[in-house]
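The values are calculated or read from the model by the stated rules, or taken from the named source; none is laboratory data. In this text, all values refer to a predicted model and were calculated from it rather than measured experimentally. Cβ coordinates were reconstructed from backbone atoms using ideal geometry, including for glycine residues, and neighbour counts include every protein chain displayed. The area values use the complete protein model at the heavy-atom level, side chains included, leaving out ligands, DNA and RNA. Shrake-Rupley method; radii C 1.70, N 1.55, O 1.52, S 1.80 Å.
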Amino acid sequence: MTVKLYELLGADDRRYSQFSWRAKLALKHKGVDFEAIPLLLTDKESIAFAGSKSVPVMVDGEEIRSDSWDIATYLEETYPDAPPLFGGPIGEGVTRVINSWCDRAVNAALGPLIARDVLDAAHPDDRAYFRESMEKLYKRTLEEVQEGREDRVKNLYRTLDPIRQTFRKGQPFICGDSPAYADYAVFSQFQWARVTSPFKLLDGDDPVFAWRERMLDLYGGFARDTA
């Protein structure tokens, strides 16, 4: 039975949920076939069966998982003969730190740079809800949040320095010679930005840019071709 993965539907069939991208790449990593089921941000009914109000939600036979991290740990346990996402208990612990750093530091630096652009990338039926919920979070209009981003992008540059220095030492991926879940977590932020915004985040000579290109090329260009 094919795994089902519920994800966000944006304008022009864009799939812009960063957390769904983590789950999709984890499934690709494990070689698990899946059917992507796009939903509106305001469609809470379709995933109510999972006890969740947000995507991703994954259904694997009788098993239901929500939250990208829980999906990844489930895949690691359920498909042990496939390539590992964490590389053992120690690797899982370190990956959890990277996942948290991504959710907190990277997201905090990147999100305000594209906040207004994401509104345009959202499905038209979701835009009023998106604006209301995000402006409540930021306590400002999305236009105000995004204003002056050309100067503030340097905060993102500094935030990414730990992985940049790793790449400069010749390591091609965050997880070493090949990618795993820590790469997918950080990459999901850039895929979110790539799908929703034309704003330039990285210079072409930045090692993080080269890593992002390697990530886009994975699995036959899956992330590059299915945004």
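Phi-derived couplings, Karplus 6.51 cos²θ - 1.76 cosθ + 1.60 at θ = phi - 60°, listed residue by residue for the stretch 62-69: 8, 8, 10, 9, 10, 6, 4, 5 Hz, with x used for Gly and Pro. Counting only DSSP beta bridges whose two residues both lie in the chain, roughly 60 percent are antiparallel. For the stretch 59-139, the solvent-accessible area works out to 54 Å² per residue, with a probe of 1.4 Å and every protein chain left in place. Which lysines does K44 reach when only Cα atoms under 19 Å apart count, and residues fewer than 8 places away in its own chain are ignored? Cross-link targets: K4, K53.
The share of accessible area on the stretch 28-96 that comes from carbon and sulfur is 50 percent, using a 1.4 angstrom probe. Return the carbon/sulfur percentage of the accessible area of the stretch 120-227, one whole number, probe 1.4 Å, all protein chains in place. That share works out to 50 percent. Here E147 and M1 are evaluated by their C-beta separation; at R0 = 35 Å the FRET efficiency comes out at 0.10.
I114 contributes an accessible area of around 0 Å² to the protein surface, as traced by a 1.4 Å probe with all chains present.
In the complete set of protein chains, residue-level accessible area for H123 is approximately 40 Å², probe 1.4 angstrom. Taking a ≥ b ≥ c as the square roots of the eigenvalues of the Cα gyration tensor, an a/c ratio of 1.5 or more together with a/b no larger than b/c marks the stretch 46-118 as oblate. Equivalent ellipsoid of the chain: semi-axes from √(5λ) of the C-alpha gyration tensor, largest first, are 26, 24, 15 Å. Computed with a 1.4 Å probe on the full set of protein chains, the accessible area for F49 sits at about 100 Å².
Residue order by solvent-accessible surface for E45, E76, E7, E150 is E45, E150, E76, E7, largest first, with ligands and nucleic acids left out and a 1.4 Å probe. Given R₀ = 45 Å, what would the calculated FRET efficiency be for K154 paired with L40, taking r from the Cβ atoms and rounding to 0.05? My answer for the efficiency is 0.80. Taking a ≥ b ≥ c as the square roots of the eigenvalues of the alpha-carbon gyration tensor, the stretch 114-195 is classed prolate because a/c is 1.5 or more and a/b outweighs b/c.
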